[in-house]
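All remarks here apply to the structure that follows.
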Amino acid sequence: MSQVSIPQEYFKAGKIAGEVREAVRKRSLLGMSLLEICNFVEGMSRQKGAEPAFPCCVSINSTAAHYSALLENEYVLKEGDIIKIDMGSHINGYLVDTAITMSYNPEYDSLVQATETSLNAAIKAAKEDVPVGYIGKVIEDTAKSWGFKTISNLSGHSIEQYRIHAGVSIPNVWISANSKLKANTIYAIEPFLTVPEGAGYVVEGSAKPIYAMSSRKKTNDKKLDEVVDEIWNTRRTLPFTPRWYWDKFPKAELSKMLDKLVKMRIFRVYPDLIEARGGFVAQFEHTIVPTSTGAIVLTQA
Ligand code: MN
Ligand code: MN
């Protein structure tokens, strides 16, 4: 494989996230609460030397993305569920993003298999100068060949230091875009597939599990400024969950302050995303670097 010139931290964070993902794959999650799963994933990444790049997402069944544990008394995973575990690790802001779907419902085993197959096909097709729309076509064609549809309004993305979505989208459907994959650039590829009865797109839910700072400003309110400083010092612009700050700020007060900071456009909130017709959704994701001969997968175990 040709040489790439990217910061070494990407390789280290990638190996850590890959190892955590494979540990999740081997473990039976049945009977664990979503909070326990988040703590397991985030804790293992920290233990291995990388902070989470974003709160571990544990999106169940027709919730496609962006749900992270919010309650002390969280849902407990049971037979009949499928769960997407989407995790990231970063070192000095150099971050990777990877996801897996675990099925505890035989009815959805083929949906899950088709999604992983779509990701593998996309990675095989990914190299320098390949149009991003072609990656979308490979994902869409693979999904269709298994009898499934892709979620058209969720996509992969380019990654930069401290920026998870750094401007370029890698679609999950064919689009005629001029943009091409570049060498020495980091991309996450993440097919989301649903059943034929699904709508094929997601809508926002009512949970607010994830926030990130969008612009750092003084608020003229000492307590709000304390929250802003704490987030800046611990996360910079990376996403966070209120759960990580329950020991610093009283829980009820914190959620009110976060709402205010969103209204002031200092933070933005990422609600959970739900399949519009309630179709169950599977997702797999890797972070890659294209080269002239193929893609290097950073998030291998
Ligand atoms: Mn992800
Ligand atoms: Mn991603």
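The values are calculated or read from the model by the stated rules, or taken from the named source; none is laboratory data. In this text, all values refer to a predicted model and were calculated from it rather than measured experimentally. Here the Cβ is made from the backbone with ideal geometry for all residues, glycine too, and neighbour counts use every protein chain on show. Just so you know, the surface numbers come from the protein's heavy atoms only, side chains and all, with ligands and any DNA or RNA stripped out. Shrake-Rupley method; radii C 1.70, N 1.55, O 1.52, S 1.80 Å.
If you take the residues of the range 184-200 that are touching a Phe, Trp or Tyr at 6+ places or on another chain (Cβ under 7 Å) and aliphatic (A, V, I, L, M), which of them is farthest from Leu273 (Cα to Cα)?
Ile186
For the range 47-65, indicate whether the set of residues that are part of a helix (DSSP H, G or I) and farther than 23 Å from Leu193 by Cα is non-empty.
Yes - at least one qualifying residue is present in the range 47-65.
Please count how many residues of the range 33-68 are under 24 Å from Phe280 (Cβ atoms), within 16 Å of ligand 1 (Cβ to nearest atom) and open to solvent by less than 30 Å² (accessible area, probe 1.4 Å).
Looking only at that region, the number is 14.
So Ala207 fits all but one of (1) within 16 Å of ligand 1 (Cβ to nearest atom); (2) touching a Pro at 6+ places or on another chain (Cβ under 7 Å); what number is the exception?
(1)
Yes/no matrix, rows are residues, columns are (1) open to solvent by 10 Å² or more (accessible area, probe 1.4 Å); (2) on the phi < 0 side of the Ramachandran plot; (3) more than 16 Å from ligand 1 (Cβ to nearest atom):
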{"residue": "Lys222", "(1), (2), (3)": "yes, yes, yes"}
{"residue": "Arg236", "(1), (2), (3)": "yes, no, yes"}
{"residue": "Glu253", "(1), (2), (3)": "yes, yes, yes"}
{"residue": "Lys263", "(1), (2), (3)": "yes, yes, yes"}
{"residue": "Tyr270", "(1), (2), (3)": "yes, yes, no"}
{"residue": "Phe280", "(1), (2), (3)": "yes, yes, yes"}
{"residue": "Val289", "(1), (2), (3)": "no, yes, yes"}
{"residue": "Thr293", "(1), (2), (3)": "yes, yes, yes"}
{"residue": "Val297", "(1), (2), (3)": "yes, yes, no"}
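Quick check on my filter: what residues within the range 135-165 are within 15 Å of Ile288 (Cα to Cα), part of a loop (DSSP other than H, G, I, E, B) and touching a residue at least 12 places away in the same chain (Cβ under 8 Å)?
Step one: filter the range 135-165 for residues within 15 Å of Ile288 (Cα to Cα), giving 135, 155-161, 164-165.
In the following step, the residues that additionally are part of a loop (DSSP other than H, G, I, E, B) were identified as 155, 161, 164-165.
Once the filter is applied, which keeps residues that are within 15 Å of Ile288 (Cα to Cα), part of a loop (DSSP other than H, G, I, E, B) and touching a residue at least 12 places away in the same chain (Cβ under 8 Å), the range 135-165 yields Ser155, Gln161, Ile164.
Working carefully through the options Asn73, Asn92, find the one that is at positive phi and in the same structural domain as Ile37 (by TED's automatic domain parsing).
On the way: Asn73 fails: at positive phi.
Going through Asn73, Asn92 in turn, just one is at positive phi and in the same structural domain as Ile37 (by TED's automatic domain parsing): Asn92.
Looking at (1) touching an Asp or Glu at 6+ places or on another chain (Cβ under 8 Å); (2) more than 16 Å from ligand 2 (Cβ to nearest atom); (3) under 17 Å from Ser155 (Cα atoms), can you tell me which one Thr98 breaks?
(2)
Can you tell me how many residues in the range 74-105 are open to solvent by 10 Å² or more (accessible area, probe 1.4 Å) and either within 16 Å of ligand 1 (Cβ to nearest atom) or of a type outside the set (S, T, N, Q) (or both)?
12
Every residue in the range 112-133 that is in a helix (DSSP H, G or I) and within 16 Å of Ser292 (Cβ to Cβ), please.
Those that are in a helix (DSSP H, G or I) and within 16 Å of Ser292 (Cβ to Cβ): Ile123, Lys124, Ala125.
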